[in-house]
There are 2 protein chains.
Amino acid sequence: MRIKLSKWKVISFGLGPIGKSIAKLALERGSQIEIVGAVDSDPELVGEDLGRVLGLDTRTGIRVQRAGKGLYDEADIVLHATTSFLSTVKAQLLEFCDHGIDVVSTCEELAYPWFNHAEAARELDSAAKERNVSLLGAGVNPGFVLDVLAITLSGVCQSVSEIHGSRILDAAKRRLPFQMKVGLGMSVDSFEENVRTGKFGHIGLPESLALTCASMGVDVDKIDQKISPKLATSPVKTEHFGVIEEGMVIGLVQDGTAIARGRRLATYHIEMYAGAVDPYDEIEFVGVPNISLRIQDGTPGDIATAAIIVNSIPRVIEARAGLLTVKDLRPASSVFA
Amino acid sequence: MRIKLSKWKVISFGLGPIGKSIAKLALERGSQIEIVGAVDSDPELVGEDLGRVLGLDTRTGIRVQRAGKGLYDEADIVLHATTSFLSTVKAQLLEFCDHGIDVVSTCEELAYPWFNHAEAARELDSAAKERNVSLLGAGVNPGFVLDVLAITLSGVCQSVSEIHGSRILDAAKRRLPFQMKVGLGMSVDSFEENVRTGKFGHIGLPESLALTCASMGVDVDKIDQKISPKLATSPVKTEHFGVIEEGMVIGLVQDGTAIARGRRLATYHIEMYAGAVDPYDEIEFVGVPNISLRIQDGTPGDIATAAIIVNSIPRVIEARAGLLTVKDLRPASSVFA
């Protein structure tokens with residue numbers, strides 16, 4: 001936690017498709033935000049001007065570099081967008097803590113690491129508190145649709161028996177790495193093999209379930225998760241994978257169930273496939289009262305993730321030290337154009 | 001702000017229909033909440049056991065009393081539900097501040113008093129800060145549908161051009177005082193006369209508009225508001241007003257527009273009338289991306305208001321001192337049954 005004196009000074013860490021969107025939006029918010037550093041490990045990007053990397057006509061004067069000393073000295077916060085897995089990013093996050101700099105990260109497993117990665121969560125929480133750093137995992141999913149939005153809606157309930165959430169999206173409209181992790185163009189065998197690695201499919205469903213239940217005071221005992229392939233029933237034309245023939249994988253169906261107190265508390269259902277017919281996000285509370293909320297056409301993942309990361313900057317900077325989750329922060333709001 | 005050591009000790013202040021719902025819910029949450037006092041000015045209630053006033057079979061051991069000394073000594077927070085108007089409740093709120101006790105109130109004008117009642121807002125904020133008190137106006141509308149939910153949804157937007165909100169509800173399903181303030185059974189002349197008092201119709205629409213814009217960093221310059229009668233086009237049967245004949249008022253249509261930076265930033269539209277055909281709540285952001293959210297059948301006002309007040313207890317107790325609004329607090333979540 002630091003007090004804002006002028007613009008928020010940020011470091012763009014990770015310049016894949018999402019990292020680039022975040023950096024672009026940060027540049028657009030130039031009256032509030034100043035990018036003071038850009039980091040990526042790709043040798044093709046290192047040394048380039050950030051403007052060029054982002055495909056802009058103008059130079060920014062910021063050269064992409066590998067992480068290193070001196071980088072963090074004048075920054076308030078790192079906008080971190082590298083991978084989905086805590087095991088991969090933990091060392092980076094601990095390094096940010098060492099430098100006493102706040103972090104908001106797209107790492108899906110960081111959205112609520114207390115369930116599946118409790119030891120790493122404790123380690124990060126201690127390191128963050130020791131150095132007065134606020135550390136947040138955020139994004140659309142996990143982070144928003146099945147998390148903040150669900151938690152916020154729960155506020156109108158006198159009591160809740162069960163929570164149901166659904167997110168149906170058209171994977172054809174998403175970035176290439178996303179399409180790869182939901183299996184576009186794979187054979188069923190290859191899909192199943194990937195599922196067995198535990199690093200495939202939508203990452204973050206258990207995190208969303210555990211986070212939402214935790215916001216209502218319950219540590220879940222168990223989360224069941226199932227990932228199934230969605231198959232083309234007729235040829236599907238795609239940008240990156242050509243025509244996906246009938247019987248091949250066009251995406252996935254993923255179901256998660258949170259169990260505690262000897263019963264089912266929450267079920268989340270996700271379908272991510274090319275050509276999804278009726279995309280939407282929906283949250284339903286069974287309780288007093290029954291209530292449900294729907295975002296027709298769904299929350300557009302890649303645009304919205306960049307928005308959430310950038311909109312979270314002041315929330316993270318003002319927050320207490322420690323490993324935070326979105327339930328700990330007041331809503332990250334947007335700005336008028 | 002106080003630290004919770006055991007149960008939250010609350011005072012039920014105001015025992016009209018909403019105050020009673022709040023007290024009932026607080027009793028149902030007996031493992032977390034203890035009611036230590038109940039206040040109402042109605043001579044018929046004073047001296048009665050709270051359980052009897054709430055229509056319960058059991059006694060609570062709490063007798064309804066008029067406000068007075070000693071009442072606040074052991075309480076953490078006042079659950080305040082008396083009137084919609086800040087001019088009426090300000091003295092009560094200042095008295096709570098004097099006693100150093102936190103407050104969450106249903107008073108509509110308290111949801112964001114900084115626009116229409118800036119002087120009173122400053123006075124309350126100073127008094128609250130001086131005595132380390134957290135003071136919040138909350139509820140469904142204003143407070144939730146066109147406020148917290150809108151602010152939360154804005155988080156997925158990179159930028160916002162304009163906000164539109166609608167709330168259509170069936171006034172026949174609401175409590176009698178609500179039905180009176182939206183004009184059920186009135187003649188058009190009587191409705192128009194009531195509108196001219198400035199104390200009629202849905203209270204809180206300017207507050208919702210100003211609050212949502214403030215969350216996005218803009219103090220609005222001007223809010224235009226229009227209240228029109230909704231007339232019966234055929235006889236409408238109601239519980240409290242008998243049959244409302246054709247041409248008589250069955251409710252209202254209310255529109256508010258927030259203007260700043262020389263343009264329209266937000267429009268909120270409300271219809272509250274007996275027999276509303278397709279009730280819903282909707283928030284729409286025009287921006288990057290365009291996004292809209294809908295609660296089909298709408299948020300049930302009276303049940304949800306009690307829920308929000310009770311769910312806000314820990315948020316208010318943990319919050320910093322001062323006059324707060326819902327944008328300042330992390331989401332008030334529910335509990336599992």
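The values are calculated or read from the model by the stated rules, or taken from the named source; none is laboratory data. None of the values given here were measured: they were computed from a predicted structure. A quick note on method: Cβ atoms are made from the backbone with ideal geometry, for glycine too, and the neighbour counts reach across all protein chains shown.
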Checklist entry - Which of the following residues is within 30 Å of residue B:6 (Cα to Cα), surrounded by fewer than 22 Cβ atoms within 10 Å (Cβ to Cβ) and either in contact with a helix residue (DSSP H, G or I) (Cβ under 6 Å, 6 or more places away or on another chain) or more than 9 Å from chain A (Cβ to nearest Cβ) (or both): B:246, B:239, B:318, B:284? => result B:318
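Tell me which residues, restricted to the stretch B:212-260, are of a type in the set (Lys, Arg) and modelled with pLDDT under 95. Explain how you work it out, then say what you get.
The initial filter retains those residues of the stretch B:212-260 that are of a type in the set (Lys, Arg), namely B:222, B:226, B:230, B:237.
Correct list: B:237 only.
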Checklist entry - Which of the residues belonging to the stretch A:110-133 are crowded, with 16+ Cβ neighbours inside 10 Å and either modelled with pLDDT under 95 or under 17 Å from the mean Cα position of the chain (by Cα) (or both)? => result A:110, A:111, A:112, A:113, A:114, A:115, A:117, A:121
Item to check | Residues of the stretch B:294-315 satisfying the condition of being crowded, with 24+ Cβ neighbours inside 10 Å and at the interface with chain A (Cβ under 7 Å from one of its Cβ atoms) | outcome: B:299, B:304, B:306, B:307, B:308, B:311
Checklist entry - Do we have any residue at all in the stretch B:43-58 that's under 20 Å from the mean Cα position of the chain (by Cα) and free of Cβ contacts under 8 Å to residues at least 60 places away in the same chain? => result no
Checklist entry - Consider residue A:177 against the criteria (1) surrounded by fewer than 24 Cβ atoms within 10 Å (Cβ to Cβ); (2) touching a residue at least 60 places away in the same chain (Cβ under 8 Å); (3) within 11 Å of another protein chain (Cβ to nearest Cβ): it satisfies all of them except one. Which criterion is unmet? => result (3)
Checklist entry - From the set of residues in the stretch B:262-281 that are closer than 21 Å to residue A:334 by Cβ and without any contact (Cβ under 8 Å) to a residue 12 or more places away in the chain, which is surrounded by the fewest Cβ atoms within 10 Å (Cβ to Cβ)? => result B:262
Checklist entry - Out of curiosity, is residue B:142 outside any helix (DSSP H, G or I), crowded, with 24+ Cβ neighbours inside 10 Å and away from chain A (no Cβ under 14 Å)? => result no
Next on the checklist: Quick check on residue A:217: is it without any contact (Cβ under 8 Å) to a residue 60 or more places away in the chain, in contact with a strand residue (DSSP E or B) (Cβ under 8 Å, 6 or more places away or on another chain), on the phi > 0 side of the Ramachandran plot and not acidic (Asp, Glu)?
Outcome noted: yes
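Quick grid of which residues meet (1) within 24 Å of the chain's Cα centre (by Cα); (2) within 26 Å of residue A:17 (Cα to Cα):
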site	(1), (2)
A:237	no, yes
A:259	yes, no
A:276	yes, yes
A:282	yes, no
Item to check | Subset of the stretch B:145-168 [in contact with a Phe, Trp or Tyr (Cβ under 9 Å, 6 or more places away or on another chain) and in a helix (DSSP H, G or I)] | outcome: B:146, B:147, B:150, B:152, B:153, B:154
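Got a sec? Which of A:184, A:205, A:169, A:211 is out of contact with any strand residue (DSSP E or B) (no Cβ under 8 Å at 6 or more places or on another chain) and crowded, with 24+ Cβ neighbours inside 10 Å?
Details: A:184 fails: out of contact with any strand residue (DSSP E or B) (no Cβ under 8 Å at 6 or more places or on another chain); A:205 fails: out of contact with any strand residue (DSSP E or B) (no Cβ under 8 Å at 6 or more places or on another chain); A:169 fails: out of contact with any strand residue (DSSP E or B) (no Cβ under 8 Å at 6 or more places or on another chain).
None of the other options fit; the residue is A:211.
For residues that are closer than 14 Å to residue A:275 by Cα and touching a residue at least 40 places away in the same chain (Cβ under 8 Å), tally how many sit in the stretch A:249-261.
Filtering the stretch A:249-261 down to residues closer than 14 Å to residue A:275 by Cα leaves A:249-253.
With the extra rule that they be touching a residue at least 40 places away in the same chain (Cβ under 8 Å), the set shrinks to A:249-252.
Of the residues in that region, 4 qualify.
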Checklist entry - Of everything in the stretch A:321-337 that's in a strand (DSSP E or B) and either touching a residue at least 24 places away in the same chain (Cβ under 8 Å) or of a type in the set (Asp, Glu) (or both), which residue is surrounded by the most Cβ atoms within 10 Å (Cβ to Cβ)? => result A:323
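Only one of B:88, B:58 is part of a loop (DSSP other than H, G, I, E, B) and under 25 Å from residue B:24 (Cβ atoms). Can you tell me which?
The match here is B:58.
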Checklist outcome for this item: Per the filter on the stretch B:16-55, residues in contact with a Ser or Thr (Cβ under 8 Å, 6 or more places away or on another chain) and in a helix (DSSP H, G or I) are B:18, B:19, B:21, B:22, B:23, B:26, B:27, B:28, B:50, B:51
Checklist entry - Limited to the stretch B:214-230, what total is found for residues that are crowded, with 19+ Cβ neighbours inside 10 Å and more than 14 Å from chain A (Cβ to nearest Cβ)? => result 4
Checklist entry - residue A:198 versus (1) on the phi < 0 side of the Ramachandran plot; (2) modelled with pLDDT under 95: which is the lone unmet condition? => result (1)
Next on the checklist: Can you find a residue that is within 26 Å of residue B:115 (Cβ to Cβ) and surrounded by fewer than 23 Cβ atoms within 10 Å (Cβ to Cβ) anywhere in the stretch B:151-159?
Outcome noted: yes
